[in-house]
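Note sheet for the following structure.
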Amino acid sequence: MPPFCILEPLILVFDDRTDTDKFASKGLSSKASDKRESQDPMETKKDSKEQTEKKVKVAVLGSGSYGTAMAYVVTHKGHDVMMYSRNKDVVKSINEKHVNPKRFSDQKLPECITASSDIKEVLKGASLVIHAVPAQHTPDFLGKIAEYFEKGVPIVSTAKGIHVKTHRLMSDAIPHALGKHAKDIPLVYLSGPSFAKEMVKGHPMAVVVASHDIKDAEKVQKMISSVRFRCYASDDVIGVEVGGALKNPLAIGAGMARGLGFGQSTIAGLVTRGCREMRQLAMALGGKAETLAGLSGVGDLMLTCFSSLSRNNRCGRMLAEGKTVEEAFKAIGEVVEGVPTAHEVVRLAEQHKLELPLFRAVDAILSGKVKPEAALGMIMGRSLKAEKFH
(Lines give C-alpha, C1' and ligand atoms only; values in the text may rest on other atoms or scores of the structure.)
Protein backbone atom coordinates (compact mmCIF):
# COMPACT_ATOMS: atom_id res chain seq x y z
CA MET A 1 0.00 0.00 0.00
CA PRO A 2 1.46 3.43 -0.95
CA PRO A 3 2.22 5.67 2.04
CA PHE A 4 -0.37 8.21 0.88
CA CYS A 5 -3.14 5.66 1.35
CA ILE A 6 -2.29 5.50 5.04
CA LEU A 7 -2.45 9.27 5.45
CA GLU A 8 -5.47 9.85 3.21
CA PRO A 9 -8.16 9.27 5.89
CA LEU A 10 -6.43 11.81 8.14
CA ILE A 11 -6.21 14.30 5.30
CA LEU A 12 -9.93 13.99 4.64
CA VAL A 13 -10.76 14.62 8.31
CA PHE A 14 -9.08 18.03 8.20
CA ASP A 15 -10.12 18.87 4.62
CA ASP A 16 -12.39 21.94 4.54
CA ARG A 17 -13.61 21.44 0.98
CA THR A 18 -17.30 20.76 0.38
CA ASP A 19 -18.42 17.16 0.21
CA THR A 20 -19.15 17.61 -3.50
CA ASP A 21 -15.57 18.75 -4.14
CA LYS A 22 -14.14 15.87 -2.13
CA PHE A 23 -16.08 13.23 -4.01
CA ALA A 24 -15.50 14.91 -7.35
CA SER A 25 -11.74 14.72 -6.76
CA LYS A 26 -12.18 10.96 -6.40
CA GLY A 27 -14.23 10.65 -9.57
CA LEU A 28 -17.51 10.24 -7.69
CA SER A 29 -20.65 12.25 -8.27
CA SER A 30 -22.33 14.42 -5.68
CA LYS A 31 -25.22 11.94 -5.75
CA ALA A 32 -22.87 9.30 -4.44
CA SER A 33 -21.87 11.59 -1.60
CA ASP A 34 -25.51 12.38 -0.86
CA LYS A 35 -26.27 8.67 -0.70
CA ARG A 36 -23.46 8.13 1.76
CA GLU A 37 -24.49 11.10 3.90
CA SER A 38 -28.06 9.79 4.13
CA GLN A 39 -26.83 6.75 5.99
CA ASP A 40 -26.06 7.29 9.68
CA PRO A 41 -23.55 4.60 10.63
CA MET A 42 -24.58 4.99 14.27
CA GLU A 43 -28.17 4.17 13.35
CA THR A 44 -27.44 1.26 11.00
CA LYS A 45 -24.81 -0.37 13.20
CA LYS A 46 -26.19 -3.58 14.68
CA ASP A 47 -24.64 -4.81 17.88
CA SER A 48 -26.19 -8.10 18.93
CA LYS A 49 -24.89 -7.80 22.48
CA GLU A 50 -26.44 -4.35 22.82
CA GLN A 51 -29.79 -5.50 21.45
CA THR A 52 -30.01 -8.41 23.89
CA GLU A 53 -28.88 -6.48 26.99
CA LYS A 54 -31.40 -6.85 29.80
CA LYS A 55 -33.59 -3.79 30.28
CA VAL A 56 -33.28 -2.37 33.79
CA LYS A 57 -34.03 0.72 35.83
CA VAL A 58 -31.18 3.21 36.19
CA ALA A 59 -31.25 5.94 38.86
CA VAL A 60 -29.46 9.20 38.08
CA LEU A 61 -28.74 11.44 41.05
CA GLY A 62 -28.56 15.03 39.87
CA SER A 63 -30.36 16.95 37.12
CA GLY A 64 -27.53 19.25 36.04
CA SER A 65 -25.90 19.13 32.62
CA TYR A 66 -23.95 15.92 33.11
CA GLY A 67 -26.69 14.13 35.01
CA THR A 68 -29.13 14.92 32.21
CA ALA A 69 -26.61 13.81 29.60
CA MET A 70 -25.90 10.52 31.40
CA ALA A 71 -29.63 9.85 31.66
CA TYR A 72 -29.86 10.39 27.92
CA VAL A 73 -26.98 8.10 26.89
CA VAL A 74 -28.15 5.28 29.17
CA THR A 75 -31.42 5.12 27.22
CA HIS A 76 -29.41 4.00 24.17
CA LYS A 77 -29.44 0.57 25.80
CA GLY A 78 -33.20 0.65 26.25
CA HIS A 79 -33.03 1.15 30.03
CA ASP A 80 -35.65 3.09 31.97
CA VAL A 81 -34.18 6.07 33.82
CA MET A 82 -35.42 7.99 36.84
CA MET A 83 -33.61 11.20 37.70
CA TYR A 84 -33.43 12.78 41.13
CA SER A 85 -33.87 16.55 41.36
CA ARG A 86 -34.64 18.78 44.32
CA ASN A 87 -36.27 21.27 41.95
CA LYS A 88 -39.95 20.35 41.65
CA ASP A 89 -40.36 22.48 38.50
CA VAL A 90 -37.61 20.47 36.82
CA VAL A 91 -39.28 17.22 37.90
CA LYS A 92 -42.64 18.35 36.56
CA SER A 93 -41.21 19.48 33.24
CA ILE A 94 -39.27 16.23 32.69
CA ASN A 95 -42.34 14.11 33.50
CA GLU A 96 -44.88 16.14 31.54
CA LYS A 97 -42.91 17.76 28.71
CA HIS A 98 -39.83 15.50 28.57
CA VAL A 99 -37.60 18.56 28.82
CA ASN A 100 -35.16 19.71 31.49
CA PRO A 101 -35.96 23.46 31.63
CA LYS A 102 -32.65 24.26 33.34
CA ARG A 103 -30.33 22.29 31.06
CA PHE A 104 -30.69 21.69 27.30
CA SER A 105 -34.21 23.11 27.24
CA ASP A 106 -34.24 22.74 23.45
CA GLN A 107 -33.55 19.01 23.68
CA LYS A 108 -36.46 16.58 23.95
CA LEU A 109 -35.67 13.72 26.33
CA PRO A 110 -36.84 10.14 25.66
CA GLU A 111 -40.14 9.23 27.30
CA CYS A 112 -38.40 6.46 29.27
CA ILE A 113 -36.72 9.20 31.36
CA THR A 114 -38.76 10.29 34.36
CA ALA A 115 -37.90 12.33 37.46
CA SER A 116 -38.74 12.61 41.15
CA SER A 117 -37.79 14.64 44.21
CA ASP A 118 -38.25 11.56 46.39
CA ILE A 119 -34.84 9.89 46.72
CA LYS A 120 -36.40 6.64 47.96
CA GLU A 121 -38.59 6.43 44.85
CA VAL A 122 -35.63 7.12 42.58
CA LEU A 123 -33.45 4.41 44.13
CA LYS A 124 -36.17 1.76 44.58
CA GLY A 125 -35.66 -1.14 42.19
CA ALA A 126 -32.68 0.43 40.41
CA SER A 127 -30.03 -1.94 39.07
CA LEU A 128 -27.53 0.89 38.62
CA VAL A 129 -27.06 4.29 40.26
CA ILE A 130 -25.28 7.12 38.47
CA HIS A 131 -24.07 9.84 40.81
CA ALA A 132 -23.84 13.19 39.01
CA VAL A 133 -23.57 15.70 41.86
CA PRO A 134 -20.59 18.14 41.91
CA ALA A 135 -17.53 16.98 43.85
CA GLN A 136 -17.71 19.64 46.57
CA HIS A 137 -21.28 18.61 47.46
CA THR A 138 -20.80 14.85 47.05
CA PRO A 139 -19.84 13.73 50.60
CA ASP A 140 -22.65 15.62 52.35
CA PHE A 141 -25.22 14.51 49.77
CA LEU A 142 -24.30 10.82 49.85
CA GLY A 143 -23.89 10.79 53.63
CA LYS A 144 -27.52 11.85 54.08
CA ILE A 145 -28.95 9.15 51.81
CA ALA A 146 -26.47 6.29 52.42
CA GLU A 147 -29.08 4.07 54.12
CA TYR A 148 -31.30 4.07 51.02
CA PHE A 149 -28.80 2.44 48.67
CA GLU A 150 -29.48 -1.24 47.98
CA LYS A 151 -26.77 -3.82 48.61
CA GLY A 152 -24.93 -4.98 45.51
CA VAL A 153 -26.21 -2.19 43.26
CA PRO A 154 -23.24 -0.35 41.68
CA ILE A 155 -22.84 3.39 42.12
CA VAL A 156 -21.07 5.10 39.22
CA SER A 157 -19.64 8.46 40.21
CA THR A 158 -19.11 11.12 37.55
CA ALA A 159 -17.94 13.72 40.11
CA LYS A 160 -14.48 15.04 39.26
CA GLY A 161 -12.28 16.88 41.71
CA ILE A 162 -10.78 16.86 45.18
CA HIS A 163 -13.05 17.59 48.13
CA VAL A 164 -11.60 20.71 49.70
CA LYS A 165 -12.91 20.26 53.26
CA THR A 166 -11.56 16.74 53.66
CA HIS A 167 -8.70 16.88 51.09
CA ARG A 168 -9.96 13.62 49.61
CA LEU A 169 -10.27 12.31 46.07
CA MET A 170 -13.77 11.03 45.31
CA SER A 171 -12.58 7.42 45.60
CA ASP A 172 -11.77 8.16 49.25
CA ALA A 173 -14.50 10.71 49.99
CA ILE A 174 -17.39 8.56 48.70
CA PRO A 175 -16.66 5.39 50.73
CA HIS A 176 -16.11 7.58 53.80
CA ALA A 177 -19.47 9.31 53.22
CA LEU A 178 -21.28 5.97 52.79
CA GLY A 179 -19.81 4.72 56.07
CA LYS A 180 -20.78 1.17 57.04
CA HIS A 181 -22.81 0.81 53.83
CA ALA A 182 -19.73 1.20 51.58
CA LYS A 183 -18.63 -2.43 51.96
CA ASP A 184 -21.89 -3.64 50.36
CA ILE A 185 -21.86 -1.27 47.38
CA PRO A 186 -19.68 -1.69 44.27
CA LEU A 187 -18.14 1.72 43.53
CA VAL A 188 -17.15 2.71 40.01
CA TYR A 189 -15.70 6.00 38.72
CA LEU A 190 -16.39 7.35 35.23
CA SER A 191 -14.12 9.80 33.45
CA GLY A 192 -13.02 10.72 29.95
CA PRO A 193 -13.62 13.26 27.17
CA SER A 194 -17.39 13.76 27.18
CA PHE A 195 -19.09 17.15 26.96
CA ALA A 196 -22.69 16.94 28.14
CA LYS A 197 -23.88 19.09 25.24
CA GLU A 198 -22.45 16.62 22.74
CA MET A 199 -23.74 13.61 24.66
CA VAL A 200 -27.36 14.75 24.34
CA LYS A 201 -26.80 15.31 20.62
CA GLY A 202 -25.85 11.68 20.27
CA HIS A 203 -22.24 12.24 19.25
CA PRO A 204 -20.17 9.05 19.49
CA MET A 205 -17.53 9.17 22.24
CA ALA A 206 -15.43 6.99 24.52
CA VAL A 207 -14.90 7.11 28.30
CA VAL A 208 -13.35 4.91 30.97
CA VAL A 209 -14.99 3.32 34.03
CA ALA A 210 -12.67 2.31 36.87
CA SER A 211 -13.09 0.24 40.00
CA HIS A 212 -10.73 -1.45 42.46
CA ASP A 213 -12.48 -4.66 41.40
CA ILE A 214 -12.22 -4.91 37.60
CA LYS A 215 -15.33 -7.11 37.53
CA ASP A 216 -17.42 -4.21 38.86
CA ALA A 217 -16.03 -1.92 36.16
CA GLU A 218 -16.78 -4.53 33.50
CA LYS A 219 -20.33 -4.98 34.78
CA VAL A 220 -21.01 -1.24 34.45
CA GLN A 221 -19.22 -1.21 31.10
CA LYS A 222 -21.67 -3.75 29.71
CA MET A 223 -24.70 -2.00 31.20
CA ILE A 224 -24.13 1.45 29.71
CA SER A 225 -21.91 1.00 26.63
CA SER A 226 -23.54 1.55 23.25
CA VAL A 227 -22.44 2.40 19.71
CA ARG A 228 -22.61 6.07 20.72
CA PHE A 229 -21.11 5.78 24.20
CA ARG A 230 -18.23 3.33 24.42
CA CYS A 231 -16.81 2.49 27.85
CA TYR A 232 -13.40 1.01 28.57
CA ALA A 233 -12.77 -0.75 31.89
CA SER A 234 -9.86 -0.08 34.24
CA ASP A 235 -8.74 -1.07 37.73
CA ASP A 236 -6.56 2.05 38.15
CA VAL A 237 -9.01 4.16 40.15
CA ILE A 238 -6.36 6.66 41.28
CA GLY A 239 -5.02 7.23 37.78
CA VAL A 240 -8.48 7.69 36.31
CA GLU A 241 -9.51 10.04 39.13
CA VAL A 242 -6.36 12.15 38.93
CA GLY A 243 -6.85 12.59 35.20
CA GLY A 244 -10.48 13.61 35.58
CA ALA A 245 -9.77 16.03 38.42
CA LEU A 246 -6.49 17.64 37.38
CA LYS A 247 -7.43 18.47 33.81
CA ASN A 248 -9.79 21.15 35.14
CA PRO A 249 -7.16 23.57 36.55
CA LEU A 250 -5.09 23.08 33.40
CA ALA A 251 -8.14 23.94 31.30
CA ILE A 252 -8.42 27.18 33.27
CA GLY A 253 -4.79 27.85 32.36
CA ALA A 254 -5.51 27.12 28.70
CA GLY A 255 -8.45 29.52 28.80
CA MET A 256 -6.21 32.19 30.31
CA ALA A 257 -3.71 31.69 27.48
CA ARG A 258 -6.50 32.09 24.95
CA GLY A 259 -7.79 35.16 26.76
CA LEU A 260 -4.35 36.73 26.59
CA GLY A 261 -4.40 36.33 22.83
CA PHE A 262 -2.06 33.35 22.51
CA GLY A 263 -2.66 30.61 19.95
CA GLN A 264 -2.64 26.86 19.60
CA SER A 265 1.14 26.52 19.97
CA THR A 266 0.96 27.93 23.49
CA ILE A 267 -1.92 25.68 24.47
CA ALA A 268 -0.28 22.59 22.93
CA GLY A 269 2.77 23.20 25.10
CA LEU A 270 0.59 23.63 28.17
CA VAL A 271 -1.26 20.38 27.44
CA THR A 272 1.94 18.40 26.92
CA ARG A 273 3.75 19.65 30.00
CA GLY A 274 0.54 19.59 32.01
CA CYS A 275 0.08 15.92 31.22
CA ARG A 276 3.54 15.25 32.63
CA GLU A 277 2.62 17.02 35.86
CA MET A 278 -0.57 14.96 36.06
CA ARG A 279 1.45 11.76 35.65
CA GLN A 280 3.85 12.82 38.40
CA LEU A 281 1.06 13.36 40.92
CA ALA A 282 -0.83 10.24 39.87
CA MET A 283 2.27 8.11 40.47
CA ALA A 284 2.93 9.80 43.81
CA LEU A 285 -0.60 8.90 44.90
CA GLY A 286 -0.30 5.30 43.73
CA GLY A 287 -1.73 5.52 40.21
CA LYS A 288 -0.23 4.22 36.98
CA ALA A 289 1.58 6.57 34.59
CA GLU A 290 0.11 4.85 31.52
CA THR A 291 -3.45 5.63 32.64
CA LEU A 292 -2.73 9.31 32.12
CA ALA A 293 -1.97 8.58 28.47
CA GLY A 294 -5.53 7.33 28.07
CA LEU A 295 -9.04 8.74 27.95
CA SER A 296 -9.20 10.17 31.47
CA GLY A 297 -5.77 11.78 31.10
CA VAL A 298 -4.63 13.18 27.79
CA GLY A 299 -8.06 12.55 26.24
CA ASP A 300 -10.02 14.66 28.71
CA LEU A 301 -7.17 17.17 28.93
CA MET A 302 -7.17 17.83 25.19
CA LEU A 303 -10.94 18.21 25.13
CA THR A 304 -11.11 20.75 27.93
CA CYS A 305 -8.01 22.72 26.96
CA PHE A 306 -8.87 23.17 23.29
CA SER A 307 -12.64 23.73 23.50
CA SER A 308 -14.68 26.74 24.58
CA LEU A 309 -17.47 24.34 25.60
CA SER A 310 -15.43 23.65 28.74
CA ARG A 311 -16.65 25.63 31.76
CA ASN A 312 -13.11 25.67 33.14
CA ASN A 313 -11.72 26.91 29.84
CA ARG A 314 -14.29 29.71 29.66
CA CYS A 315 -13.56 30.65 33.27
CA GLY A 316 -9.85 31.04 32.50
CA ARG A 317 -10.57 33.17 29.48
CA MET A 318 -12.82 35.47 31.49
CA LEU A 319 -10.17 35.84 34.18
CA ALA A 320 -7.58 36.83 31.56
CA GLU A 321 -10.01 39.41 30.22
CA GLY A 322 -10.27 41.04 33.65
CA LYS A 323 -13.25 39.39 35.34
CA THR A 324 -13.03 38.19 38.93
CA VAL A 325 -13.55 34.55 39.85
CA GLU A 326 -16.99 35.40 41.25
CA GLU A 327 -17.98 37.26 38.07
CA ALA A 328 -16.84 34.32 35.94
CA PHE A 329 -18.84 31.89 38.07
CA LYS A 330 -21.96 34.01 37.70
CA ALA A 331 -21.56 34.31 33.94
CA ILE A 332 -21.03 30.57 33.47
CA GLY A 333 -23.90 29.60 35.76
CA GLU A 334 -22.51 26.19 36.72
CA VAL A 335 -19.85 24.77 39.02
CA VAL A 336 -16.26 25.30 37.85
CA GLU A 337 -14.47 22.46 39.63
CA GLY A 338 -11.00 23.55 38.54
CA VAL A 339 -10.96 26.50 40.94
CA PRO A 340 -11.10 24.56 44.26
CA THR A 341 -9.09 21.71 42.74
CA ALA A 342 -6.13 23.96 41.85
CA HIS A 343 -5.32 24.76 45.46
CA GLU A 344 -5.70 21.11 46.48
CA VAL A 345 -3.21 20.08 43.79
CA VAL A 346 -0.65 22.53 45.17
CA ARG A 347 -1.24 21.15 48.66
CA LEU A 348 -0.59 17.64 47.36
CA ALA A 349 2.49 18.87 45.48
CA GLU A 350 3.91 20.21 48.73
CA GLN A 351 3.05 16.99 50.55
CA HIS A 352 4.81 14.83 47.95
CA LYS A 353 7.62 17.32 47.21
CA LEU A 354 6.66 17.84 43.57
CA GLU A 355 7.35 21.00 41.59
CA LEU A 356 4.27 21.11 39.29
CA PRO A 357 4.92 24.65 37.98
CA LEU A 358 1.82 24.88 35.78
CA PHE A 359 -0.56 23.99 38.61
CA ARG A 360 1.24 26.36 40.95
CA ALA A 361 0.91 29.18 38.42
CA VAL A 362 -2.83 28.61 37.92
CA ASP A 363 -3.39 28.48 41.68
CA ALA A 364 -1.39 31.69 42.19
CA ILE A 365 -3.62 33.47 39.67
CA LEU A 366 -6.85 32.12 41.20
CA SER A 367 -5.62 33.13 44.67
CA GLY A 368 -4.99 36.68 43.46
CA LYS A 369 -1.24 36.48 44.13
CA VAL A 370 -0.19 37.18 40.54
CA LYS A 371 -1.70 38.39 37.27
CA PRO A 372 -1.93 35.99 34.31
CA GLU A 373 0.80 37.88 32.45
CA ALA A 374 3.18 37.57 35.40
CA ALA A 375 2.41 33.88 35.80
CA LEU A 376 3.49 33.32 32.21
CA GLY A 377 6.85 34.85 33.03
CA MET A 378 7.13 32.55 36.07
CA ILE A 379 6.68 29.48 33.88
CA MET A 380 8.73 30.47 30.84
CA GLY A 381 11.54 32.05 32.87
CA ARG A 382 12.40 28.94 34.87
CA SER A 383 15.85 27.38 34.57
CA LEU A 384 16.34 25.33 31.41
CA LYS A 385 16.17 21.54 31.73
CA ALA A 386 16.13 18.31 29.75
CA GLU A 387 12.72 17.01 28.66
CA LYS A 388 11.56 14.19 30.91
CA PHE A 389 8.31 12.26 30.89
CA HIS A 390 8.02 11.09 34.52
Options S63, T166, H203, ranked by Cα towards positive dipole end of the chain, top entry (Cβ charges): T166
222 nm mean residue ellipticity, helices alone, for the chain (DSSP H n ≥ 4; -39,500 (n - 2.57); rounded to 500): -14500 deg cm²/dmol
Whole-percent carbon and sulfur share, accessible surface of the chain, 1.4 Å: 54
Three-way shape call for segment 109-199 based on the alpha-carbon gyration tensor, with the a/c threshold at 1.5: oblate
Most mobile of R279, R311, R230 in a GNM of the chain (Cα contacts under 10 Å): R230
Among P372, P110, P134, residue whose mean-square fluctuation peaks in a GNM of the chain (springs only between Cα atoms under 10 Å): P110
Overall Cα dimensions of the chain - principal axes, largest extent first, Å: 66, 59, 39
Relative contact order (%) - criterion: Cα under 8 Å, at least six apart; region: the chain: 12
Violating pairs (Cα-Cα greater than 25 angstrom) within the set K108/K323; K77/K247; K165/K222; K288/K388; K201/K222; K102/K330: K108/K323; K77/K247; K165/K222
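In Å², what does the accessible area per residue of the chain work out to with a 1.4 Å probe? Before the final figure, lay out the partial values.
Numbers: 19480 Å² over 390 residues.
It amounts to 50 Å² per residue over the chain.
The values are calculated or read from the model by the stated rules, or taken from the named source; none is laboratory data. Not measured: the values here are computed from a predicted model. Cβ atoms come from the backbone with ideal geometry, glycine included; neighbour counts cover every protein chain shown. When the accessible area is computed, the model is the full protein with side chains, heavy atoms only, and any ligands, DNA or RNA have been set aside. Shrake-Rupley method; radii C 1.70, N 1.55, O 1.52, S 1.80 Å.
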